[in-house]
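Working notes, structure below.
The values are calculated or read from the model by the stated rules, or taken from the named source; none is laboratory data. Here the structure is a predicted model, which means the values were calculated and not measured. Note that each Cβ is placed from the backbone with ideal geometry, even for glycine, and that neighbours are counted across all protein chains shown. Just the protein is used for accessible areas: all its heavy atoms, side chains included, with ligands, DNA and RNA removed. Shrake-Rupley method; radii C 1.70, N 1.55, O 1.52, S 1.80 Å.
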Amino acid sequence: MAAPTKGNITQNSATPGANFRSINHTQNTGNNRFLIVFLTMSNGKSYTSATYGGDAMTFEYTIERGGLSSRMAVFTLVDPKTGSNALRVNFNNSVFTPLSFYAQSFTDCGGFGAEVKTGGGASPRTGNITVEQDSLIMVTSTSNAVNQTVQIPTGNNVTRTNHNINKRVAVGAISDAGHAAGAISVRATTNNVNLTLDRVEIKGLASSGGESDFFLIM
Amino acid sequence: MITVIEKIEEEGGQLKFTPVGFTQDQELINEINEAYDSGLGKFFGENRTKLEIGEITINAFFDVTPSVNEARTQQENTDGLRELKNINEL
């Protein structure tokens, strides 16, 4: 009955110059492992699949942001192999524009939960996501200008990584700790430039029914 | 976080990235990425449309410059890589 344990991060923003990009990422050891990767690139090409250590990842969503000429995607994997493995993302053709790549591992995690995606609008961009007990929230925000803040929940600035892929991507923003169940407001800001606000739920074990629940039932 | 230095070469008409070391020296990171930006980065910037429609290939760059380096991957583990402190070690 706890929030997921945050694990290793691997992040990169560079031009793939190929119909795939493969970057080594080290998955932490532990129970109830989980891996998520956030991707943003030009909307001229598409994501087709992803693998980690050769295992197919789940394609959670992709969304085109035409106003920003961008395409975003999220892939996840439950119980990924531990240690250093190649995280490979495949495209429908060679990509000659920069790719924002942000992978994070977790342990003691209940997996992927809710997702809410909000297109471009004025700053501050604020929205809710309804989460279960002990979940974490991760936010990605894209704009034509550098992100100023990401707040999870609204009013609490959290660290994030800023990638410049011709558009500006704020990625990797994550809750400081697990949330109580319910609607949580999150916010991203820029200096008077429109921005998107995508948020996803990373579930704790309490919300998914972990092994401990099994033994309680027994 | 450490920064991984990757060697970039052409293989089968596509970029091939090979991690060759890591650094925590921001000056070395800047030096590597400035060289990339003025080389392969500039080539991409000037030829993106031609590359996408197949009018040219990345061989146009790599026939002249066999390899370049880039230092834009950050991670928390050294992953068995050696630490590089000088661009001459590449």
Say we look at region A:87-107 and pick out the residues that are more than 18 Å from the chain's Cα centre (by Cα) and assigned to a loop (DSSP other than H, G, I, E, B); which of these is farthest from A:Ile174 (Cα to Cα)? A:Phe96
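Test of understanding: among A:Phe59, A:Phe20, A:Phe75, A:Phe38, which residue is of a type in the set (A, V, I, L, M, F, W, C), in contact with a strand residue (DSSP E or B) (Cβ under 7 Å, 6 or more places away or on another chain), within 13 Å of another protein chain (Cβ to nearest Cβ) and assigned to a strand (DSSP E or B)?
After ruling out the rest, the residue left standing is A:Phe20.
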Unique match (being more than 14 Å from the chain's Cα centre (by Cα) and more than 30 Å from A:Ala181 (Cα to Cα)) among A:Gly120, A:Gly110, A:Gly67: A:Gly67
Single residue of region A:72-93 satisfying the filter (touching a residue at least 60 places away in the same chain (Cβ under 8 Å), in contact with an Asp or Glu (Cβ under 8 Å, 6 or more places away or on another chain) and open to solvent by less than 20 Å² (accessible area, probe 1.4 Å)) that is nearest to A:Thr40 (Cα to Cα): A:Met72
Determine, yes or no, whether B:Glu52 is open to solvent by 60 Å² or more (accessible area, probe 1.4 Å), facing chain A (nearest Cβ under 9 Å) and farther than 15 Å from A:Pro16 by Cα. no
So B:Val64 clears everything in (1) modelled with pLDDT under 95; (2) exposed (fewer than 13 other Cβ atoms within 10 Å of the Cβ) except one condition, right? Which one? (1)
Would you pick out the residues in region A:91-130 that are within 12 Å of chain B (Cβ to nearest Cβ), more than 18 Å from A:Ser69 (Cβ to Cβ) and among the polar types (S, T, N, Q)? A:Gln104, A:Ser105
Just name the residue that is farthest from A:Phe91 (Cα to Cα) out of those in region A:41-55 that are part of a strand (DSSP E or B) and away from chain B (no Cβ under 13 Å). A:Asp55
Before we move on, is B:Asp25 at positive phi, touching a residue at least 24 places away in the same chain (Cβ under 8 Å) and surrounded by 13 or more Cβ atoms within 10 Å (Cβ to Cβ)? no
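Okay, residues lined up against (1) in a helix (DSSP H, G or I); (2) modelled with pLDDT of 95 or more; (3) open to solvent by less than 50 Å² (accessible area, probe 1.4 Å):
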position: B:Ala35; (1), (2), (3): yes, yes, no
position: B:Leu40; (1), (2), (3): yes, yes, yes
position: B:Phe43; (1), (2), (3): yes, yes, yes
position: B:Ile56; (1), (2), (3): no, yes, yes
